[in-house]
Amino acid sequence: MKKIMVVFGTRPEAIKMCPLVKELYKIKEFQTLVLITGQHREMLKQVLDSFFVTPDYDLNIMKEGQDLFDITISILTGMKKVLETEKPDLVLVHGDTTTAFAASLAAFYMNIPYGHVEAGLRTYDLTAPYPEEYNRQAIGIGAKFHFAPTKTAKMNLVKEGKPESSIFVTGNTIMDALNLSINDNYTHPVLEWASGSRLVLLTAHRRENLGPPLYDIFHGIKRVLNEVNDVKVLYPIHLNPAIRKIAAEVFKEDSKIKIIEPLNVIDFHNIMYRSEFILTDSGGIQEEASGLKKPVLVLRDTTERPEGIQTGTLKLIGTGEETIYREFKRLLTDKEEYDAMSKASNPYGDGTACKQIIDILTSRL
Ligand code: UD1
Ligand code: UDP
């Protein structure tokens, strides 16, 4: 029997890896172990609870104000012990977080092969997203299996010289997650709060946006809310205190924006499904929105998800106050633009990524 260790540590990795873990548990030829680093604590627990996944190991590393050294060092030290004890045949990591980078490095140092889920995304700009672009390129150097969500991602890896026999286009496991979460009979009190208005979802958390860009983003949004009546913005805010401080300062006492604690993923997906559109600097939300056909104004200068731009669901608008004001207002008033963005096709797969990954592992391990 082959032993597979699935490693993740933040909310988005968990959302995209739990559906895979649940499928792996069904395969008798594999012993599946789950290690969480705890880079996130509460936001990770929300996902584990939603998908009923219980980790075998928890490195429990999170602390307030953690920097990239703290995260990397704690994971390397913690994983060394676990890998020495468990000696898995394969480690699976996801995406581009420092958890994924440090876990892949730990596996590499122990000569344990690892597979990279959501491989091949690139901006080729090491400053944006930071440090994620570095992380995913570094993970790609040593991966035995690259599970690319799209052909574009595969081509990036091919151009970098990775052997084609190690790259598999599977779609993104986020589509598998959406299949588990969307419910046609869903209700939530915030939907009542927004009834009679158009509901716009907002999230923002990128490290490179902390500081002046975040002020600009929030000021641009606030100006639109001051001018347009029938709009309400729901902002489930990240637990990072640095973000909360700026949001509280800019949005204080604004009745058209509701700042709430992070939603569990089932709520978030279902509320997204019922919203008009989304303003975000998130990576994963760009894919989910494509799956749910919800337009997104991407609050970043660059994206590793060019497929969604090409098909038309996503529009990259940067972090400047003026542009955000103009583009947010435009999407509220320009019906033609809104209709075009909400009818685009979904390039991120058909919800069978987990099954495809497992079929590949079954035949190759
Ligand atoms: C991390 C990832 C980023 C990913 C994001 C998803 C890195 C370097 N960054 O960024 O790629 O897009 O997660 O959200 O890997 N906090 C809590 N409770 C939680 C989670 C976070 O209190 O459950 C607070 C802590 O004070 C923590 C801070 O948020 O120190 C920042 O968390 P961290 O993981 O360092 O950075 P993120 O911005 O969340
Ligand atoms: N999400 C959630 N609750 C929230 C906000 C987001 O469950 O309150 C989910 C969302 O559905 C998506 C993921 O978190 O799957 C995105 O995570 P985040 O934006 O933190 O990170 P990124 O995708 O940018 O790495």
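Per-structure values
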{"item": "Every residue from region 113-137 that is outside any loop (DSSP other than H, G, I, E, B), aromatic (Phe, Trp, Tyr) and farther than 12 Å from residue 96 by Cβ", "result": "114"}
{"item": "Check on residue 116, crowded, with 24+ Cβ neighbours inside 10 Å and more than 16 Å from ligand 1 (Cβ to nearest atom)", "result": "no"}
{"item": "Tally, over region 267-316, of residues that are hydrophobic (A, V, I, L, M, F, W, C), within 8 Å of ligand 2 (Cβ to nearest atom) and in contact (Cβ under 8 Å) with a residue 40 or more places away in the chain", "result": "2"}
{"item": "Residue list for region 128-153, filter: among the basic types (Lys, Arg) and either under 18 Å from the mean Cα position of the chain (by Cα) or buried (at least 21 other Cβ atoms within 10 Å of the Cβ) (or both)", "result": "136"}
{"item": "Residue 119 of a type in the set (A, V, I, L, M), out of contact with any Phe, Trp or Tyr (no Cβ under 9 Å at 6 or more places or on another chain), away from ligand 2 (no atom under 13 Å from the Cβ) and on the phi < 0 side of the Ramachandran plot", "result": "no"}
{"item": "Region 74-85 residues that are assigned to a helix (DSSP H, G or I), paired with ones that are surrounded by fewer than 19 Cβ atoms within 10 Å (Cβ to Cβ) (beta carbon under 6 Å, 6 or more apart)", "result": "83/110"}
{"item": "Single unsatisfied condition, residue 96 versus (1) within 16 Å of ligand 2 (Cβ to nearest atom); (2) at pLDDT below 95; (3) among the acidic types (Asp, Glu)", "result": "(2)"}
{"item": "Breaking point among (1) open to solvent by 10 Å² or more (accessible area, probe 1.4 Å); (2) closer than 20 Å to residue 75 by Cβ; (3) more than 16 Å from ligand 1 (Cβ to nearest atom); (4) in a helix (DSSP H, G or I), for residue 33", "result": "(4)"}
{"item": "The one condition in (1) buried (at least 19 other Cβ atoms within 10 Å of the Cβ); (2) out of contact with any Lys or Arg (no Cβ under 7 Å at 6 or more places or on another chain) that residue 52 fails to fulfil", "result": "(1)"}
{"item": "Condition met for residue 305 (at pLDDT 95 or above, of a type in the set (Lys, Arg) and over 26 Å from residue 46 (Cα atoms))", "result": "no"}
{"item": "Single unsatisfied condition, residue 140 versus (1) over 16 Å from residue 307 (Cα atoms); (2) not aromatic (Phe, Trp, Tyr); (3) not in a helix (DSSP H, G or I)", "result": "(3)"}
{"item": "All positions within region 180-192 that are open to solvent by less than 60 Å² (accessible area, probe 1.4 Å) and not in a loop (DSSP other than H, G, I, E, B)", "result": "181, 190, 191"}
{"item": "Selection within region 329-343 - surrounded by fewer than 18 Cβ atoms within 10 Å (Cβ to Cβ) and hydrophobic (A, V, I, L, M, F, W, C)", "result": "340"}
{"item": "Region 241-260 - residue that is under 21 Å from the mean Cα position of the chain (by Cα) and within 13 Å of residue 201 (Cα to Cα) and, of those, most open to solvent (accessible area, probe 1.4 Å)", "result": "259"}
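The values are calculated or read from the model by the stated rules, or taken from the named source; none is laboratory data. Just so you know, these numbers come straight off a predicted model, no measurement behind them. Using ideal geometry, Cβ is built from the backbone for each residue, glycine included, and neighbour counts are taken over all protein chains shown. Only protein heavy atoms, including side chains, enter the accessible area calculation; ligands, DNA and RNA are left aside. Shrake-Rupley method; radii C 1.70, N 1.55, O 1.52, S 1.80 Å.
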